[in-house]
Amino acid sequence: MSNSYSLMIHGGAGALEDLKQEASEAVFQQSITAILEQGRQRLEQGDSALDVVEYCVTLLENDRLYNAGRGSVLNAEGKVEMDAALMNGRDLSAGAVACIKQIKNPIALARRVLDRGEHVLLVGDGALEFAQFCQMETYPDDYFITDARIKQLAEAKSAGRMTLDHERIKPSQKLGTVGAVAQDLQGNLAAATSTGGLVNKRWGRVGDTPVVGAGVFADNETCAVSATGYGEQFLRTVLAKTISDFVHFKGMDADAAAKAGIEYLVRKVQGDGGVIVIDGAGNCAAAQSTSGLIRGWIERGGEAICKLG
Ligand code: GLY
């Protein structure tokens, strides 16, 4: 039993100037702080880290500011295809879904996969059939699609490229995805990540988000990690597990491991993105190779802090 709790969330990485063009700093601050305080309430009343990361990601998915759930980016066919995953550091149980549509909260479907315990990752039509089996409500495609995402896809197509969530059509980087990591009063760690992926991506493309060890990882013996960035680079470096390994094999704390992870990402694959990490001592840390990373944290029950740069 720990006498404190920690919580950290993110709303995507990218070029700081681009993040600020999407919404003012105050709008992001308000959104992130409100979600942190709602998560705090749950942790203070003794809810598990797993329940709280799912809850916080659900709130991020419901906010059209972010590239997950409502407001997800569009693929090359103008459709939304979403990925999500979460992991419990207490027992390494995990649930994930990929290439899904019409589910309001992909992270809730991933949680159903985890709770059932039969499989870890369900994709496409099979995942949707499982959602029906779980009696989850489906939403029309229109619910997810915003005018800003339609414009963003048109710009990406005219520039003939695939881009990241918060990225304008220029050589800057703006990478979307949302995520949460937490440590509860019992000392358990958990991580959750959800995304609409990359703008103008090929249909059927799956990034790092639903892949345990790449975009999400949690182990009570090491840390909890949620990643945001160019998914292919995080897949190739298995970055979330690599960060956990830095804690396990090198004895690093959250801050050192997050920095070492991003250094590895950049050195090996010139990767773009960021990570949030909480270690077993409740330390909160973030690192990124982009100039911006929308994030906020409550370290060991302290005040809620939000940063974009
Ligand atoms: N990191 C999100 C993605 O590449 O799909």
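The values are calculated or read from the model by the stated rules, or taken from the named source; none is laboratory data. Bear in mind the structure is a predicted one, so any value in this text is a computation, not a measurement. No Cβ is skipped: glycine too gets one built from the backbone with ideal geometry, and neighbour counts run over all protein chains shown. When the accessible area is computed, the model is the full protein with side chains, heavy atoms only, and any ligands, DNA or RNA have been set aside. Shrake-Rupley method; radii C 1.70, N 1.55, O 1.52, S 1.80 Å.
At-a-glance table
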item: Hull-based mean projected area of the chain, where the convex hull spans the alpha carbons, in square nanometres; result: 13.8
item: Region 31-132 - percent relative contact order, Cα under 8 Å, separation 6 or more; result: 19
item: Extension gain, E77 back to V266 (0.36 nm per residue minus Cα-Cα distance, nm); result: 64.9 nm
item: Choice from L198, L293, L265 showing the highest fluctuation, given a GNM over the chain with Cα pairs closer than 10 Å; result: L265
item: The chain, relative contact order in percent, only Cα pairs under 8 angstrom and at least six apart counted; result: 26
item: Rg over Rh, two decimals, region 237-309 (C-alpha only, Kirkwood Rh); result: 0.98
item: Vicinal HN-Hα couplings computed from phi for region 249-262 (Karplus, 6.51 cos²θ - 1.76 cosθ + 1.60; Hz; Gly/Pro x); result: 8, 10, x, 6, 8, 4, 5, 5, 5, 4, 5, 5, x, 5
item: Cα-centre dipole for the chain with unit charges at Cβ (Lys and Arg positive, Asp and Glu negative), debye to 20; result: 820
item: Peptide ranges 138-144, 83-89 listed from the most packed, as the mean C-beta count within 10 angstrom indicates; result: 83-89, 138-144
item: Sorted peptide list for 202-210, 271-279, criterion being average Cβ within 10 angstrom, highest first; result: 271-279, 202-210
item: Estimated 222 nm signal from helices in the chain, with DSSP H stretches of n ≥ 4 weighted -39500 (n - 2.57), rounded to 500; result: -11500 deg cm²/dmol
item: ³J(HN,Hα), Karplus 6.51/-1.76/1.60, whole Hz, each residue of region 116-133, x for Gly, Pro; result: 5, x, 7, 10, 9, 10, 10, 10, x, 4, x, 5, 5, 5, 5, 4, 5, 4
item: Amide H contacts of D63 (H built 1.01 Å from N, under 5 Å, at least 5 apart or other chain); result: none
item: Protection-proxy order for peptides 47-56, 188-197, each taking the mean of Cβ atoms within 10 Å per residue, highest first; result: 188-197, 47-56
item: Solvent exposure of the chain as accessible area per residue, Å², 1.4 Å probe; result: 39
item: Descending semi-axes in Å of region 30-85, equivalent ellipsoid built from Cα gyration tensor; result: 27, 13, 5
item: Whole-Å distance, taken between Cα centres, linking region 57-135 and region 177-253; result: 15
item: Of all accessible heavy-atom area on the chain, the percent that carbon and sulfur account for (1.4 Å); result: 47
